[in-house]
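Shown next, in structure tokens, is the structure this report addresses.
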Amino acid sequence: MNAAPRVLAVIDDLLSAAAPGERGALWHLAEPGRELDANLVRLPPGVEVGEHREDVLDVLLVVLEGAGLLRAGDGQVLDLTPGTVLWLPRTSRRALAAGPDGLTYLTVHRRRPGLAIEPPSGAYEGGEGPCMLDRVCPGCGKLSQDPAPVFCSRCGERFPER
């Protein structure tokens with residue numbers, strides 16, 4: 001059976017239905033069998049997503065509302081305004097900062113491969129694997145690749161203090 005195209009969301013409707021102060025992931029692609037992931041994210045004014053790196057996936061980021069800055073790991077600063085389309089190559093370091101009106105953007109990337117936890121080479125392999133609950137975002141549930149995350153790379157939520 002062939003899959004049929006269909007409308008999953010209307011961004012204007014999602015944004016108008018969200019509470020004014022609602023932040024983080026307002027919508028995400030959740031269709032079974034998909035090969036893509038997508039997230040509609042809102043950052044309130046002045047909120048930052050700390051520097052992070054996505055090691056596995058390229059990400060396309062499209063600015064929908066508001067404005068802000070992207071600081072690249074090489075020191076480059078890019079202005080983010082509505083209509084800006086950014087390619088964030090895997091392994092690139094970046095941080096986002098929302099401007100005075102906040103920042104709303106859509107990210108799209110290949111669906112993340114399943115997690116495979118492997119011990120470092122030469123590590124003791126007995127007993128249980130390490131607990132990584134402190135690396136799971138309290139806002140959207142994404143597992144951070146960073147061993148000591150501060151902000152979620154998907155929704156911008158701050159991780160609890162350790």
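The values are calculated or read from the model by the stated rules, or taken from the named source; none is laboratory data. A quick note: this is a predicted structure, and the numbers were derived from the prediction, not measured. Cβ: placed from backbone, ideal geometry, glycine included. Neighbour counts: every protein chain shown. Protein only, heavy atoms only, side chains kept; ligands, DNA and RNA dropped before computing areas. Shrake-Rupley method; radii C 1.70, N 1.55, O 1.52, S 1.80 Å.
For D58, tell me the accessible area in Å² from a 1.4 Å probe, rounded to the nearest 10.
Probe radius 1.4 Å; accessible area of D58 about 60 Å².
Roughly speaking, what is the stretch gain from V108 to L69, that is 0.36 nm per residue apart minus the C-alpha to C-alpha distance, in nm to one decimal?
The V108-L69 span can extend by a further 12.2 nm.
Karplus couplings for the stretch 35-51 from phi (6.51 cos²θ - 1.76 cosθ + 1.60, θ = phi - 60°), rounded to Hz, Gly and Pro as x?
10, 10, 10, 8, 9, 9, 10, 10, 10, x, x, x, 6, 10, 9, x, 4
Which value, in Å² rounded to 10, gives the accessible area of V7 with a 1.4 Å probe and all protein chains present?
120
Plugging the Kirkwood radius over Cα pairs into Stokes-Einstein for the stretch 1-57, at a temperature of 37 °C and a viscosity of 0.692 mPa s, what D comes out in µm²/s?
233
For an R0 of 22 angstrom, estimate the FRET efficiency from the Cβ-Cβ distance between L60 and A19 and round to the nearest 0.05.
0.25
Volume per residue, Å³, of the convex hull around the alpha-carbon atoms of the stretch 1-119?
Dividing the Cα hull volume of the stretch 1-119 by its residues yields 137 Å³.
What residues qualify as long-range amide H neighbours of R111, i.e. H under 5 Å apart, gap of 5 or more or another chain, H built at 1.01 Å from N?
The list, which skips near neighbours in sequence, is L36, D37.
Which value, in Å², gives the accessible area per residue of the chain when a 1.4 Å probe is used on the protein heavy atoms?
About 62 Å² of surface per residue is accessible.
Which residue fluctuates the most in the chain, going by a Gaussian network model with Cα springs under 10 Å, if the choices are A97, A30, A72?
So, out of A97, A30, A72, the one fluctuating most is A30.
Eigenvalues of the Cα gyration tensor times 5, then square-rooted: what semi-axes does that give for the stretch 30-91, in whole angstrom, largest first?
21, 16, 11
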